[in-house]
Amino acid sequence: MASASITYSRTPAGATISNPVSFNINIGAFYPACDPNGGDRYWTMRVSATSSVFYYSNYIASTTLSNVFVFDSLPLGNYYTVQMGCSVNGITYKPGTIIEQGGIIFTIIEATPEVGSVFTLPPDFNSGSLDVASDLVNNSWELIALIIGIPLAFVVIKRIINIFEDLKEEENIIEAEKEGNEYITRKMKKDFESRKKSKK
């Protein structure tokens, strides 16, 4: 029977939820929730599955009356009891007050990723890196496709190679200008512009 001194909440609430699941429990007083005269020195909680498998959390000393128990990876399936328990040695569980029950109280399902959660930049990410990537991949749709994982590597590689070829050609033109050969410079510039147009 539930003790009136115990307060309890579960996050996420509801019947169909996903991991992680946290249970906020305040037992109010160690006695009568547990029996110190019988040697109890710790308390904890467990959840039980419809397959009669129990999942336990860490033990809390009797001097601490409230705690948030977090289960990061309860297996997918149904759970029908949340129960507070006691312990003499912090190892062996003694069933205590049932604090949530009544048929299937919640079902764990696989979490659905939120929009934008597939590709997340860290807070200290250097935004200049994106500028470099934009220079290497001029068309925005190619950059977006690259980020979300569509295999466009061959397109990106070809474009990068073209960029380096253009840079090398521009260096050659500059060298020709320094040497004062106007005819060769004009011809190189003309050929360079023709090749750029043919690549588009």
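Nothing in this text is a laboratory measurement; each read-out follows from the coordinates by a stated rule. Keep in mind it's a predicted model, so treat the numbers as computed, not measured. Reconstructed Cβ throughout: ideal geometry from the backbone, glycine too, with neighbour counts over all protein chains shown.
For Ser18, the residues whose amide H sits under 5 Å from its own are Ile109, ignoring neighbours fewer than 5 places away on the same chain, with H placed 1.01 Å from N. Computed from backbone phi with θ = phi - 60° and the Karplus coefficients 6.51, -1.76 and 1.60, the 3J(HN,Hα) list for the stretch 25-34 is 10, 10, 8, x, 8, 5, 10, x, 4, 10 Hz; x is used for glycine and proline. Listed values for the stretch 47-64 are Karplus-derived 3J(HN,Hα) couplings in whole Hz (6.51 cos²θ - 1.76 cosθ + 1.60, θ = phi - 60°), namely 10, 10, 8, 5, 8, 6, 9, 9, 10, 9, 10, 6, 8, 10, 5, 4, 6, 9, and x replaces Gly and Pro.
Per-residue Karplus couplings for the stretch 39-45, computed as 6.51 cos²θ - 1.76 cosθ + 1.60 with θ equal to phi - 60°, are listed in order as x, 5, 10, 9, 9, 7, 8 Hz, Gly and Pro entered as x.
Rg/Rh, computed from the Cα trace of the stretch 7-108 with Rh as the Kirkwood radius, has the value 0.96. Put simply, the amide H of Leu74, placed in the peptide plane, has neighbours under 5 Å in Val21, leaving out anything fewer than 5 places away on its chain. Hey, can you grab everything whose amide H is under 5 Å from the amide H of Glu100? Only 5+ residues off in sequence or another chain; H modelled, so Pro and N-termini drop out. Amide H neighbours of Glu100: Val82. Between the residues Ile105, Asn78, Ala61, the greatest Cα displacement towards the positive end of the dipole of the stretch 21-113, with unit charges on the Cβ of Lys, Arg, Asp and Glu, is found for Ala61.
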